[in-house]
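Worksheet: one structure, shown below.
Nothing in this text is a laboratory measurement; each read-out follows from the coordinates by a stated rule. Since we're looking at a predicted model, the values are computed, not measured. Positions of Cβ are backbone-derived with ideal geometry, glycine not excepted, and every protein chain shown enters the neighbour counts.
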Amino acid sequence: MYKDLRGFIKQVESLGALRHIAGADQRYEIGGITEVAAGTPECPALLFDRIKGFPAGFRIFTNATTTPQRAALALGLDPALRPLDALKAWMQKRQKLKARAPRLVRKAAFMENSFAGRKVDMAALPAPYWHRKDGGPYIGSGSLVIMRDPDGGWINASIYRVQVHDRNKVTIQFDHQGRHGAIIARKYWDKGTSCPVAVVNGPDPALFIAGFEYLPEGQSEYDFAGSIKGAPLEVFAGPVTKLPLPAQAEIILEGELLPPSKMSLPEGPFGEFTGYYAADARPCPVMEVKAIHHRDDPILLGSPPMKPPRFHFGLPFRAASIWSNLEMAGVTDVVGVWQHVAQLMTVVALKQRYAGHAKRAALIAAANSYMGRLVVVVDDDVDPSNLADVMWAITTRCEPSEQIDIVRNAWSSALDPRIPPEHKNAGITSHSKAIIEAVRPFGWKDRYPPTSALTADEAREIEKKWGDVIARRKPAHAAKKRNRRGR
């Protein structure tokens with residue numbers, strides 16, 4: 001498995017899924033190219049170099065895990081697996097993971113270049129303006145914020161966005177005060193002190209994934225990343241904060257998060273994963289950067305939110321959680337769960353065993369679908385990861401007057417663009433959800449017209465035997481003849 005971000009990039013390139021781009025501008029162009037590429041059928045990963053105004057070698061890597069193939073690669077799974085099979089393989093691996101505590105080492109790759117005190121200059125790093133209406137450049141869109149709980153001593157390494165403001169000041173935006181990072185920072189502030197903090201820009205994908213997981217208080221993302229890789233994460237004590245920092249990381253900022261009573265700066269706005277701006281600039285805690293460390297030819301991992309269906313990770317982790325919830329609730333014969341449109345639409349596929357089976361699954365899925373307004377249940381012959389397949393089921397099996405229900409006052413967020421501003425200001429962030437049963441009516445499902453399509457197993461057999469030929473644009477013998485003629 002890859003050792004660091006560079007090793008992962010090499011694996012992506014070996015799959016033919018990497019594009020090298022030179023000369024792009026950090027102002028909007030890198031973000032624009034990233035979004036356009038993410039919307040193409042190939043959805044390639046991008047490695048930007050010779051960024052306008054910066055020395056060659058200061059690079060930015062985007063669209064790292066936006067496809068199921070690269071998401072599987074990051075999880076240590078076979079990248080050739082079909083999307084739904086890859087998600088199921090991750091569920092099985094996830095259940096068997098054993099925490100691996102990090103290993104302290106005496107040397108760190110990120111210490112190849114180190115700047116402290118007056119030598120700190122955030123402008124030396126190519127932090128992009130990802131969207132045109134963003135409030136400034138964001139070095140942290142795929143970065144980990146490292147903090148130590150002052151009571152238990154455990155290390156939290158979660159992903160929060162980080163905006164650059166001046167030479168030695170950035171803001172760290174916690175989604176809400178219930179996040180572990182916000183809770184830890186408050187413990188220091190309540191004692192009248194600043195919170196030691198580090199920002200890791202360019203972690204390896206396992207740590208990037210761990211930063212998005214909802215782990216319980218006291219469980220470190222370092223341990224989880226080690227379990228994904230099957231080996232302890234190497235950490236190095238930061239010279240300024242003494243925090244354990246990933247030794248193979250690309251760029252690290254060390255410093256302290258100042259109490260809001262001492263300083264705050266307006267943060268945002270920032271384009272969200274819904275494809276909208278959720279809020280104007282708001283006061284945000286300030287990190288005073290005491291030191292910058294980076295590897296030679298450093299690589300910033302960028303993972304900006306983009307307009308759906310583009311999403312930072314090609315396998316929907318929340319769908320895996322819903323799948324597990326359904327099984328734990330005793331809902332049998334679930335053959336797959338998937339989420340589309342940046343996880344705003346949940347699809348459950350099952351083999352109907354009794355009247356009400358589909359509705360039961362839908363209600364459980366709806367209760368666990370964060371921000372999602374649409375929950376669809378399909379039969380087991382429909383691939384829930386294939387949106388075209390799902391829409392086929394909706395348009396041919398769902399009678400709207402009989403098979404659509406509305407659940408009101410359900411789980412959403414202040415990021416939801418459809419919730420009126422006055423409701424958000426009052427703390428009301430709920431919405432309704434539509435449950436669509438796109439299944440054959442149970443009472444006469446055996447008399448429903450048979451389909452002409454291949455079954456999933458039949459399709460797999462065809463792909464196994466003929467997949468290489470189908471994927472190849474021109475027959476191999478034709479290419480050889482052309483080469484001989486060229487000589």
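Annotation: lysines with alpha-carbon distance below 30 angstrom to K98 (same-chain offsets under eight excluded): K3, K10, K88, K107, K187, K229, K242.
Relative to the current alpha-carbon distance between F115 and R50, full extension at 0.36 nm per residue lengthens the span by 21.2 nm.
Computed over the stretch 135-217, the P(r) tail beyond 15 angstrom holds 58 percent of alpha carbon pairs. With kT/(6 pi eta Rh) evaluated at 25 °C and eta = 0.890 mPa s, and Rh the Kirkwood radius from Cα pairs, the stretch 20-88 diffuses with a coefficient of 187 µm²/s according to Stokes-Einstein. On C-alpha positions alone, give me the angle between the axis of helix 29-38 and the longest principal axis of the chain, in degrees, nearest 10. The answer is roughly 20 degrees.
Descending by average beta-carbon neighbour count within 10 Å, the peptides 246-255, 229-238, 417-426 line up as 246-255, 229-238, 417-426, the highest first.
Semi-axes of the equivalent ellipsoid of the stretch 1-140 are 29, 23, 14 Å, computed as sqrt(5λ) over the eigenvalues of the C-alpha gyration tensor in descending order. Every Cα-Cα pair of the chain was included, and the share exceeding 44 Å stands at 18 percent. Using the alpha-carbon atoms, what tilt in degrees (0 to 90, nearest 10) does helix 387-397 show relative to the longest principal axis of the chain? With both axes taken from Cα atoms, the answer is about 40 degrees. Excluding residues fewer than 8 places away in the same chain, name every one of the aspartates and glutamates whose C-alpha is closer than 12 Å to that of K433. Result set, ordered by chain and number: D405.
At full extension, M263 and S324 could sit 17.6 nm farther apart than now, given 0.36 nm per residue minus the alpha carbon distance.
Modelled label positions at A434 and R167, each set 7 Å beyond Cα in the direction of Cβ, lie 5.6 nm from each other.
Segment E217..L104, full-extension length gain: 38.5 nm, with 0.36 nm per residue of separation and the alpha-carbon distance subtracted. When V120, V334, V469 are arranged by Cβ crowding within 10 Å, least crowded first, meaning fewest neighbours, the order is V469, V120, V334. Couplings 3J(HN,Hα) for the stretch 12-23, derived from phi with the Karplus relation 6.51 cos²θ - 1.76 cosθ + 1.60 (θ = phi - 60°), are 5, 5, 5, 7, x, 10, 10, 10, 9, 10, 10, x Hz, where x marks Gly and Pro. As a rough footprinting exposure proxy, the listed residues S114, S432, S158 were ranked by other beta carbons within 10 Å of their own, and the order from fewest upward is S432, S114, S158. Packing order of peptides 66-75, 198-207, 361-370, highest average first: 198-207, 66-75, 361-370 (average count of other Cβ atoms within 10 Å over each peptide's residues). Of L81, L258, L144, the sequence from fewest to most neighbouring Cβ atoms within 10 angstrom is L81, L258, L144. Scalar couplings 3J(HN,Hα) for the stretch 93-100, obtained by applying the Karplus form with A = 6.51, B = -1.76, C = 1.60 to θ = phi - 60°, are 5, 4, 5, 9, 5, 10, 4, 10 Hz; x denotes Gly and Pro. Secondary-structure-derived ellipticity at 222 nm for the chain, considering helices only, amounts to -8500 deg cm²/dmol, per-run term -39500 (n - 2.57) for DSSP H runs with n ≥ 4.
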